[in-house]
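To start, the structure under review is shown below, and the notes come after it.
The values are calculated or read from the model by the stated rules, or taken from the named source; none is laboratory data. These numbers come from a predicted model, not from an experiment. A quick note on method: Cβ atoms are made from the backbone with ideal geometry, for glycine too, and the neighbour counts reach across all protein chains shown. All accessible areas refer to the heavy atoms of the entire protein, side chains included, with ligands and DNA or RNA removed. Shrake-Rupley method; radii C 1.70, N 1.55, O 1.52, S 1.80 Å.
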Amino acid sequence: MNSNVLQTPIVYLKGVGPNRAETLQSELGIHTYQDLINLFPNRYIDKTQYYKIGQLQRTSSEVQIVGKIVNIKTVEQKRGKRLVAKFIDDTGEMELVWFRGQKWIRENLKLNIPYVIFGKVNWFNGSFSMPHPEMELWEDHEKGLKIYMQPVYPSTEKLANKGITNRVTNKLIQQLFLETKGRFKETLSPGLINELSLISKGEALFNIHFPKNQELLAKAQFRLKFEELFYIQIQLISKNLMHKQKIKGFNFEKVGTLFKTFYEHHLPFELTNAQKRVIKEIRSDLGSNAQMNRLLQGDVGSGKTIVALMTMLLAIDNGYQACLMAPTEILANQHFMGIKELLGDIGVNIALLTGSVKKTARKIIHEQLENGELHILIGTHALLEDKVEYKNLGLAIVDEQHRFGVAQRAKLWHKNDVPPHILVMTATPIPRTLAMSLYGDLDISTIDELPPGRKPIKTVHRYDSNRLKVFQFIRDEIKKGRQVYVVYPLIQESEALDYKDLMDGYESIARDFPMPDYQISIVHGKMKPADKDYEMERFVKGETQIMVATTVIEVGVNVPNASVMIIESAERFGLSQLHQLRGRVGRGADQSFCILMTGHKLSSDSKTRLETMVGTNDGFQIAEVDLKLRGPGDLMGTQQSGVLNLKIADIVKDNDILKTARYHALKILREDISLQKHPVILHAYTQLVKYKNIWNYIS
Ligand code: ADP
Ligand code: MG
C-alpha cells in the first residue's frame, strides 16, 4: 500500500476519536497509523486453552474461562470499596474483583449470560479469585477474529484508566489491518529477502500482532528485528564511510627514522601481538588520506601508552606535532615522566602543560609550539585553552575517554584547518555488542592481550565479620614491604554519609595500625587539591603504607609496590568501577590481591557482581556481565540511553542478528554507498529518516 496512508493521523482510525488519540499520543507516542502498527507486543499469551474452574491450581497464572456471573455486590472494606461478582461454570465457582471503575462495570455487566474471562487467578481464603479480568461476551468472542496467541501490548496505568485496555489496543490494530487491507510496502531488497529467507513485510507485521503459530511468530520477530538493526547499521556505516570520503586528513605516508630507531633500539620489551595488530590498524588509517577517528580500548595494564607513543613518532616522522591529553594532573605527569624515559636521547622535544605550570614556563611552551620546536605536548584540559596554538598539529591522543565530553573532543578538532588524526584511549571496555551498535561510525582497535608474565590478581569476597582476619593479612603484606589501598564508596546522593563512613573507617584503621609502625595517607573529595597531591606523593614515595581513599584514586594512579586493594561496601560499587579499582594493583612483580568487603545482606545483582569479580580478571567479560545487569542505556549514561530505544530488537539478546545485519549493511554500502542500486533500501531508509523513525545517533 501507499506509504503515505501510514502517515494518517491516528485520530482518523475507526474506534479512536479525539480523546483516545490524545491518550495514545501522550502515553505511547502514537501519532500515526504507522506508529500503531509499530507498537509491537511485549509478549504473547497462549489462548488456545479454556480452563474449567474445577481444574484451577493454586499455581495457575493467567487463564481463560467460560462461565456466567450470577450476582454482583459491593463490599465495604477498610480502605475503600470493592466490587465482587460470583462467577460460575459447571465445575465450580470463583470471585471476580474490581477495585477501580466499579460504577461503569456494575452498570454494564450482564448477569446469567456466558462470558469469556481472562486474567490472573489468585488463591485466597480457600477460594479462587480474579482481579480486574478481561471480559468478552461469549457471543462476540465466537464471532471475532480467532486469535490463538494473544499479544500483550505495552501499557500504562493511564491507558488502562482511560479504557484503552490490551483488548482495545488489539481491536484497534485489527481495524488498522482492515482499513489498509494489510498491504504494506516491502522495505527490504529482494536480494536480502532471498538470501536470508525472510518473510515479507506484510506477513511479518500481521504475524507479530496476530501470530498463527509459534513458527510464524518466530519468523516475524526475526524479520522485524533484522530490519530494525539493519537500518541502524546502514545509518552508522554510511556516516562513517561518508566521513572518510569528505573529511580529508593529513597523510602520514612514511615510517621514518624515529619510529624505526625507537622500535629497534629503545623499545624495552617485545610488543604483544595485540599491540602489533593495533599499530598496524592505526598506520593504515594514517596513510589513507582520511582523518582517523579511532577508539583504542584495552584493559588496565594492557599497554596502551606504548601504542600512543609509537603513533606520535609516526606523526613526528612525517613532520607533524602530536599532543596527548589526560584527565588528571597526576596522570598527565605520569605520562610525561614515562614517555620521556622511554624516548631517552632519541631527539624528540617534549613538554608538560598543566594548570600548575608557571606563567614564564607556559610562555616558552607556547612559543615552541608555534615555531615547531616542540614535537610532543602532554597535559590536561590546559591543552584545550585558546592560547595553545600549534605550528602543525597532526595527531591528538585522548587518554581515558570517558572523562572527556564530546564538546571537548570537538575543541581539539577545531585547532586546525585540516583536523588532526584522533586516537581516543579507554580502559573501560565497551562490550563488542554495544560498540558495534553505538560506535558504528567510529573505528575501534582492541588490545585484548596482557603483556606476558603478569601474575593475575587474586580476588576474594569477605564479610565484614571477618575484618580481623583481613587486618591480619594486611599486616603480613606490609611486613613484606607492600602497600595497601583501602577504598570507600562515594555516591553523590549520600555524600555526607559516605564521608562519615570514610572517617569512621579511617579511625578504626588508625587504631589497628598505630603510628609509628604504620603511616597512613588519606585522600578524599573534600580536600584541597594541594593537600591531596601531598598525601598521594607520600604514598607514591612509600612513606605511607596504607592509603585510605574514596574513589578519587580510580583513574590513573600507578604505584607498582601497592599490592593489596581492599574495597569497603563493595556491594555498592558498579562492576566497571570495581574493575577499575582493582586495576590499581597488580602493576609490580609481586602477587597482588583484591579483597571485596561486604555486609551479609546482598541483593542478587550484588551477588552476581561479586561473583563476577572473583571469577575473572577479564575486563571484556566483566563489561558483558555489566551490560546484562544494567542494560545498555544505563551503561552508557543517560546521554546516550535514548540512542538504544529499540522497538523490537535487544542488542544484548539479539547479538547474532545484529552481526548479520551489520555484515549485510557493510557489504551493500561498500559497493553502493549512495544505494542507487538498492532502490527499495534507499526508499525505506529515506522514509525512516524523514519520519524520524530511526534514532538519532549522537556522535
Ligand atoms: P595501560 O593500557 O593501562 O595504559 P600501560 O601502557 O600503562 O597500560 O602499560 C602497563 C605496563 O605494562 C607498563 O609498565 C608498560 O611498560 C608495560 N608494558 C606495556 N607493553 C608491554 C609489553 N609488550 N611487554 C611487557 N611490558 C609491557
Ligand atoms: Mg594508561
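Please tell me the relative contact order of the chain in percent, rounded to the nearest whole number, where contacts are Cα pairs under 8 Å and at least six residues apart. Could you put the intermediate results ahead of the total?
Values: 1122 pairs, mean separation 86.4, N = 699.
Relative contact order of the chain: 12 percent.
What angle, in degrees between 0 and 90 and rounded to the nearest 10, separates the Cα long axis of helix 467-479 from the longest principal axis of the Cα atoms of the chain?
20 degrees
Which far-off residues, 5 or more places away or on another chain, put their amide H under 5 Å from the one on Val424, with H placed in the peptide plane?
HN-HN under 5 Å from Val424: Arg294, Leu295, Leu296, Val398.
Sorted from largest down, give the three principal axis spans of the alpha carbons of region 68-212, whole angstrom values.
Reported extents, whole Å, longest axis first: 65, 34, 29.
Report the chymotrypsin sites (Phe, Trp or Tyr not before Pro) located in region 251-308 that are in a DSSP loop and have at most 14 other Cβ atoms inside 10 Å of their Cβ, or state none. Intermediate values should be presented prior to the final figure.
On the way: sites: Phe252, Phe259, Phe262, Tyr263, Phe269; in loops: Phe252, Phe269.
Sparse-neighbourhood loop chymotrypsin sites (Phe, Trp or Tyr not before Pro): Phe269.
Could you compute the FRET efficiency for Asp517 and Arg79, with r as their C-beta to C-beta distance and R0 at 56 Å, rounded to 0.05?
It comes out at approximately 0.30.
Can you give the accessible area per residue of region 49-147, in Å², using a 1.4 Å probe?
Values: 6270 Å² over 99 residues.
That works out to 63 Å² per residue.
Send over a whole-number figure in Å² for the accessible area per residue of region 458-616, probe 1.4 Å. If you can, show how the numbers build up before the last one.
Working: 7430 Å² over 159 residues.
For region 458-616, the solvent-accessible area averages 47 Å² per residue.
Tell me the carbon and sulfur percent of the accessible area for the chain, rounded to whole percent, probe radius 1.4 Å. Intermediate results must be reported in sequence, preceding the final value.
Values: 17260 of 34040 Å².
Accessible surface attributable to carbon and sulfur in the chain totals 51 percent.
So who's got an amide H within less than 5 Å of the one on Arg482, skipping anything under 5 residues away but keeping other chains? H placed 1.01 Å off N, in plane.
none
Relative to the longest principal axis of the chain, what angle (0 to 90°, nearest 10) does the C-alpha long axis of helix 214-246 take?
Relative to the chain, helix 214-246 is tipped by roughly 30 degrees.
Restricting to DSSP H runs of at least four residues, report the calculated mean residue ellipticity at 222 nm for the chain, -39500 (n - 2.57) per run over all residues, nearest 500 deg cm²/dmol.
Details: 25 runs with 288 residues, N = 699.
Only helices count here, giving -12500 deg cm²/dmol.
Helix 359-371: angle to the longest alpha-carbon principal axis of the chain, degrees 0 to 90, nearest 10?
Its long axis makes an angle of about 80 degrees.
Debye sum, Cα scatterers, the chain, no solvent: what log₁₀ I/I(0) at q = 0.06, 0.10, 0.11 1/Å?
For the chain, the Cα-only Debye profile gives -0.51, -1.08, -1.18.
Mind checking the dipole of region 49-147: about its Cα centre, +1 per Lys or Arg Cβ, -1 per Asp or Glu Cβ, Debye to the nearest 20?
Details: 16 positive and 12 negative charges, 111 e Å.
So the dipole magnitude of region 49-147 works out to roughly 540 debye.
Place the peptides 39-45, 567-573 in order of packing, highest mean first, counting for every residue the other Cβ atoms within 10 Å and averaging per peptide. It would help to have the intermediate numbers written out before the result.
Working: 39-45: 16.0, 567-573: 21.6.
For the peptides 39-45, 567-573, the packing ranking is 567-573, 39-45.
Is the C-alpha gyration tensor of region 49-147 telling us rounded, prolate or oblate? Criteria: a/c under 1.5 is rounded; beyond that, a/b larger than b/c is prolate, otherwise oblate. Don't skip to the end; give the middle numbers.
On the way: a/c = 1.78, a/b = 1.20, b/c = 1.48.
In terms of gyration-tensor shape, oblate.
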